[in-house]
Each structure stands twice: as C-alpha cells, then as structure tokens.
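Novice: This is the structure, below, for whatever I ask next.
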Amino acid sequence: MLKILGLYYRLYDWLVSDVQLTDEDREQVHMLLAGVLFTSILMWSYTLNSLFCIPSNNLKVVAISMTLIHLFSPALYKITKSIAPPTNTFIAAGLVFQFTHAFYTGGFYSVTTVWFSILPLLAGVVLGRWMLISWSVIAFVAVLILLGLDDQTSDIITEGGRVWSYLNISMGYTVLNLTMMFVYLFRREQYKENLNQKTDSVRTLLRIVSHDVANPLMTLKLYLNRIKKRMGNTSGEFAKSIGGIEKSANMIQKILEHSRKLEALNSGKIQLERVPISLNDIIDNSIFVFKDSIERKNIIIEYDYEMNSDVVIYGDPISLKNQVFNNLFSNSIKFMDHGGKISIEVDKKLNEILVKYKDNGEGIDQKEILDIFRPDVKTSHKGKDGEVGTGFGMPLLYAVLNELGATIEVVSIRKEEGKLDHGTEFNMKFIV
C-alpha cells in the first residue's frame, strides 16, 4: 500500500512540478488522478472482457485505444496546465468505450449503460457543478441514441462475459464510489485544516496590526488636539486640512474598534450578556445619536412609543444600541434623500419579538444582499453626502445578533428600478 501511495505522489509531483497551484488547484489535480487511476482498473477489466468474450474486431480496437487514452489523459495537464482537458478526455474516453461495449452487448438494455451514471459524478467532483450538468446531458443523450439504434445493436457477449460484466458492476460500482468518497472526504479534511491554519494566521496578523496601528494613531490624535487648541477658532485651508486629517484618524479608529470586536465575537473570546432592555430606550438612543443628521435631512421617524411601551428585548444593551440599531439608522440616513422616512414596526408573539425596520432610501443591489454581512467582501459605498463607511458595520451587526440567538432577513428594492416602494427592510427576530 505504501509503495502504491509512493507511486501516486511521484506522479502527482511530476504533473505539478512547474505549475503554481492554489489549494483548490491541488484538490482538483488529486481528484483527477484518483478518478483516472481507479477507473482505469475497470477500463482494463472491460477491455479484457471485450477481447476474450465478445467477437467484434471493432469493439477490440475501441477498447484498447480508449483505455490507453484514458490511462494517459493526466499527461494533458502537464502540457496544458489546465484541469479541464485531461478530465474531459478521460471521461470522454470512458463514454465512447461504454457506448461501444453496450452496442454489442444488448444496446439500450445492456448492463453496461449503468456506467453512464458515473460520468457526471466524476466530472462534478473534479470540475464542479456546471460540468456535472454538462456531462449529465451528454450521458442522457448517449442513452437516447442507444435507444434509437435499438434495431441495429446486437448481443454477442458470451455467458461467461455477461457474468464478468455483472461482477464489474456489482463490485466496481461500489468500490469506485467508496474510493471517490474516501478521497474526497480525506482531501476536504486536509483543506479544512489548511483553512483553519490560515484563519489563525490572519487573526494573529489582525491583532498585531491593530496593536501596532493603535499606538501611533493615539499619538497622532494627541498632536491634532494640540494643533486645534493653538489654532483656536481660525478658519481657512489649513483648518480644513486639519479637519480632514482628524476625520480620517477617527475613521481608522472606528475600523480598528469594529475589527477587534468582530474578531472577538467570531472567535468566542467575548460573550454578550442577555438582560432586558426596553425597545423604546433603544430607539430613543439612536434618534438622540443621529439627531443632527435627522433634522438636517428632515427625516421622518415612524414609531409608536405608546403601543410598544412594554416591548422588552433580551440582549447586551451597548451592543444592541451601538452595533445593531445605530448601524441601521446610520446606513439609512447615509443613503436617504432629504425628506426620507424610517419606520419601525413590532409584532409581539408568545416566544419571540419581530422588529421590522424599513427605510425608503436607495436600496441595496440584489447581488450585494447576500454579502453585506460578510467581512471579507467589500460592499461599502459612499453616501448621498459623500459619507464613507468602514465596511464592518453590517458584519458586526450580524455577529452581535447571531451571538444573541437572534436572526435577521433583508429585503431591498433599488430606487432606479422605478418603484415607489424602494428602500430596504430588515426583519429581526428576537427570542424572548
């Protein structure tokens, strides 16, 4: 067994010796080699079956030529540096051989047609879902062609050859599927292990960068405060420049704070407390924080304090106020025209509270909705008045809700779609 593994890895090293590979590329090459090597055993078994049990010279030629093409197909990777040509070649060689073998052993009713179902699986494992679909269509068409040629096919296999074919199917199909699944699961575990190592490395780098940036940033802000005190109430280009530097420094500080808290939540280093907090207090806080922006843009807030006076949410007060609702208000105001509207509705149920937060702002592109809670995907845009976001607000909001056992769903309609009900709706469900 060790010798076989040694030969396998020598072949793998030869194929990839002059190619720069990602983890996904290595995974595909391993699946290609495993697929070719294990199906080669079946191909040679059917070749011997064709040579000794089926009196057809045409089949013998196809059997030998297709089996050799199948066996040496990985060499195409060495030439093309692409996984698709060798994969499609070895699968196509198997299809041609299986089709021809079936043609001389009963046509559409031949047991060999069972192998048509394995081709899409092999293609999907190595090349992904689109090739799985493509080869499923090809295999289906091949079966239909055999059905259409039913009056031209023959059944000239010997009884011993037929038993041999049944053994190939009963044993080969089981062994092949088990082997492919074993290889797939083994490589997936290795991939997960590598991914975890990289994640740990990224987290370590984040901690180092956060610490190293925070110290000089604090010094920069101290010097800015000194300069502002000496300047007094003076105005002009220099004062604008100082204001711009201070704004940028504050933005960097926010990014550091958000990234630290997000990393701490995701790694389980901090756990949020769950205490009762009035929803009215949460909304009051957000309106107070954004009072100037709300008045400047003449934004209407629709919320029934009296009806919701007894609504209590269980969670961490600071996180619910700052990371959840303040984030929602901030984004709404940022992407809302003057005279816009924010409405907050509550649906109280036995064991849960549904909070529907809706604005009539620009809306979110449908392609971005799935990614707005991901910290590794850039979805931040400039606001109506040029406001710049950190890109961490929504991922942090999602992390906080997830930690509290709450859920959130997003529905959005872009303003340019021409509909009057444009805007974004966030439906949050809190467990009581």
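The values are calculated or read from the model by the stated rules, or taken from the named source; none is laboratory data. The shown structure was predicted, so the numbers you read here are calculated from the model rather than taken from an experiment. Quick reminder, even Gly has a Cβ in these numbers, built from the backbone with ideal geometry, and neighbours come from all protein chains shown.
Novice: Considering only residues that are aromatic (Phe, Trp, Tyr) and surrounded by 15 or more Cβ atoms within 10 Å (Cβ to Cβ), look in region 107-143 and name the one that is nearest to the chain's Cα centre (by Cα). Walk me through it before giving the result.
Specialist: Just the residues of region 107-143 that are aromatic (Phe, Trp, Tyr), to begin with: 108-109, 115-116, 130, 135, 140.
Narrowing the set further to residues that are surrounded by 15 or more Cβ atoms within 10 Å (Cβ to Cβ) leaves 108, 115-116, 135.
Numbers: 108: 40, 115: 32, 116: 30, 135: 24 Å.
It comes out as 135.
Novice: Could you please give the count of residues in region 334-347 that are surrounded by fewer than 13 Cβ atoms within 10 Å (Cβ to Cβ) and in contact with a strand residue (DSSP E or B) (Cβ under 8 Å, 6 or more places away or on another chain)?
Specialist: 2
Novice: Right, next: Within region 153-175, work out how many residues are in a helix (DSSP H, G or I), over 32 Å from the mean Cα position of the chain (by Cα) and among the hydrophobic types (A, V, I, L, M, F, W, C).
Specialist: The first filter runs over region 153-175 and keeps only residues in a helix (DSSP H, G or I), leaving 159-175.
Imposing the further condition that a residue be over 32 Å from the mean Cα position of the chain (by Cα) reduces the set to 159-172.
Still in the running and among the hydrophobic types (A, V, I, L, M, F, W, C): 163-164, 167, 169, 171.
Number of matching residues: 5.
Novice: Can you name every residue in region 275-293 that is under 37 Å from the mean Cα position of the chain (by Cα) and closer than 17 Å to residue 340 by Cα?
Specialist: Of everything in region 275-293, those that are under 37 Å from the mean Cα position of the chain (by Cα) and closer than 17 Å to residue 340 by Cα turn out to be 286, 287, 290, 293.
Novice: Select, from 313, 301, 318, the only residue that is hydrophobic (A, V, I, L, M, F, W, C), touching a helix residue (DSSP H, G or I) at 6+ places or on another chain (Cβ under 7 Å) and surrounded by fewer than 22 Cβ atoms within 10 Å (Cβ to Cβ).
Specialist: Selected residue: 301, the only one of 313, 301, 318 that is hydrophobic (A, V, I, L, M, F, W, C), touching a helix residue (DSSP H, G or I) at 6+ places or on another chain (Cβ under 7 Å) and surrounded by fewer than 22 Cβ atoms within 10 Å (Cβ to Cβ).
Novice: Filter region 50-104 down to residues that are within 42 Å of the chain's Cα centre (by Cα) and either outside the structural domain of residue 142 (by TED's automatic domain parsing) or farther than 21 Å from residue 123 by Cβ (or both), then give me how many there are.
Specialist: 2
Novice: Residues in region 144-152: is at least one out of contact with any strand residue (DSSP E or B) (no Cβ under 7 Å at 6 or more places or on another chain), assigned by TED's automatic domain parsing to the domain that holds residue 18, crowded, with 17+ Cβ neighbours inside 10 Å and not in a helix (DSSP H, G or I)?
Specialist: Within region 144-152, not a single residue is out of contact with any strand residue (DSSP E or B) (no Cβ under 7 Å at 6 or more places or on another chain), assigned by TED's automatic domain parsing to the domain that holds residue 18, crowded, with 17+ Cβ neighbours inside 10 Å and not in a helix (DSSP H, G or I).
Novice: Among the residues of region 343-363, are any under 27 Å from the mean Cα position of the chain (by Cα) and modelled with pLDDT under 90?
Specialist: yes
Novice: State whether the residues of region 317-338 include one that is in contact (Cβ under 8 Å) with a residue 40 or more places away in the chain, of a type outside the set (Lys, Arg) and farther than 17 Å from residue 286 by Cα.
Specialist: Yes, that holds for at least one residue.
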